[in-house]
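Note sheet for the following structure.
Bear in mind that the values in this text are calculations on the coordinates, not laboratory data. In this text, all values refer to a predicted model and were calculated from it rather than measured experimentally. Cβ sites come from the backbone with ideal geometry, for glycine too, and all protein chains shown count toward neighbours.
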Ligand SMILES: Nc1ncnc2c1ncn2[C@@H]1O[C@H](COP(=O)(O)OP(=O)(O)OP(=O)(O)O)[C@@H](O)[C@H]1O
C-alpha cells in the first residue's frame with residue numbers, strides 16, 4: 001500500500017527552485033534512501049513532507065489524504081514522523097524517561113486524559129521493550145547526557161519509533177558516528193523495521209550504507225528526481241556516478 005505520495009511537489013526560494021516538480025512514492029514497509037549532492041534539495045524535500053516548509057506547488061498525499069497546509073504536529077499525529085539529525089533527547093532524563101515521554105506524548109496526542117492515566121504502567125513496559133530492541137535497556141536508568149553520541153542517535157530513533165510512525169524520516173541517521181557504530185545503528189534499525197509495516201525514508205551521504213540498507217534509492221540533483229530504482233541500478237547510473245559519487 002502506498003503510504004506517501006508526492007505529485008509535482010515544488011519549492012521555490014525566490015528565483016531558486018530547490019524542489020522542482022518531484023513525483024515520489026513510498027510503500028508501507030519499504031526502506032528508501034535519498035541521495036544527492038550538496039544543495040540537491042533533499043532537506044527541503046523532507047521539510048515539505050513534514051510540513052516544516054510550505055510547498056510552492058504540488059501536493060503531498062499521506063495515507064490516502066492530501067495534506068495541504070497541515071502543520072507539523074498534525075502530520076506527526078497522522079504518523080508522519082521525522083527523527084532529527086541532532087538527537088532531540090533530553091540530557092537530564094534517563095534513557096527510560098526519555099522513551100517513556102515519547103510513548104506518553106503519543107497517547108496524549110491521540111487519547112483522553114483518562115486513557116493516559118491508564119497508560120502510566122503500560123507506557124513504562126513499552127519503553128523498556130523498545131530500549132531492549134535497540135540494545136539500550138541495560139542503561140535504562142542512566143542519564144542520557146552520559147551516553148556516547150552514537151547511542152544518543154539510537155535513542156533518538158527509539159523515541160521516534162515510540163510514536164508508531166507509518167512513515168519515519170531519518171536525516172543522516174549515522175552522521176558523526178564512528179564507522180563500526182554506523183553498522184550497529186543501521187542493523188538495529190533494519191531488524192526493527194523488518195518487524196513492522198512502517199516505511200522508512202532516510203537521507204544518507206554514505207553510499208556504502210545506501211547499498212547495504214536501502215531497498216530502493218531516490219537520487220536527486222538540482223531539485224529534480226534523477227533516478228529512482230534499486231541500489232544497484234541507481235549507484236551504477238552514469239549521472240549518479242558523476243554527479244553524486246564524484247567519479248568521472
Ligand atoms: N530557507 C532557504 N532559503 C533560501 N534558500 C534555501 C533555503 N533552504 C535551502 N535553500 C537552498 O535550496 C537548495 C537546496 O538545499 P537543501 O538543503 O534542500 O539541499 P540538500 O540536498 O539537503 O543539501 P545537503 O546535502 O548539503 O544538506 C540549496 O541551493 C540551498 O541553498
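So the values come out like this:
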read-out	value
Principal-axis tilt of helix 113-133 within the chain, Cα atoms, nearest 10 degrees	70
Isotropic mean projected area of the C-alpha convex hull, the stretch 151-236 (nm²)	6.0
Most mobile listed residue (51, 39, 150) in the chain, GNM with C-alpha springs under 10 Å	39
Over the stretch 90-163, equivalent-ellipsoid semi-axes from the Cα gyration tensor in Å	22, 11, 11
Least to most buried among 44, 94 (fewest other Cβ within 10 Å first)	94, 44
Between helix 149-161 and the chain: long-axis angle, C-alpha atoms, 0 to 90°, nearest 10	90
Relative contact order (%) - criterion: Cα under 8 Å, at least six apart; region: the stretch 136-248	18
Footprinting exposure proxy for 48, 235 (fewest neighbouring C-beta atoms within 10 Å first)	235, 48
The chain: angle of helix 95-110 to the longest principal axis, Cα-based, in degrees nearest 10	80
Diffusion constant of the chain at 37 °C, which comes from Stokes-Einstein with the Kirkwood Cα-pair radius and 0.692 mPa s, µm²/s	176
Residue among 166, 153, 182 with the largest mean-square fluctuation in a Gaussian network model of the chain, springs linking Cα atoms under 10 Å	182
The stretch 90-163, relative contact order in percent, only Cα pairs under 8 angstrom and at least six apart counted	49
Burial order of peptide ranges 134-144, 98-108 (average beta-carbon count within 10 Å, highest first)	98-108, 134-144
Per-residue [θ]222 nm for the chain (sum of -39500 (n - 2.57) over DSSP H runs n ≥ 4, rounded to 500)	-12000 deg cm²/dmol
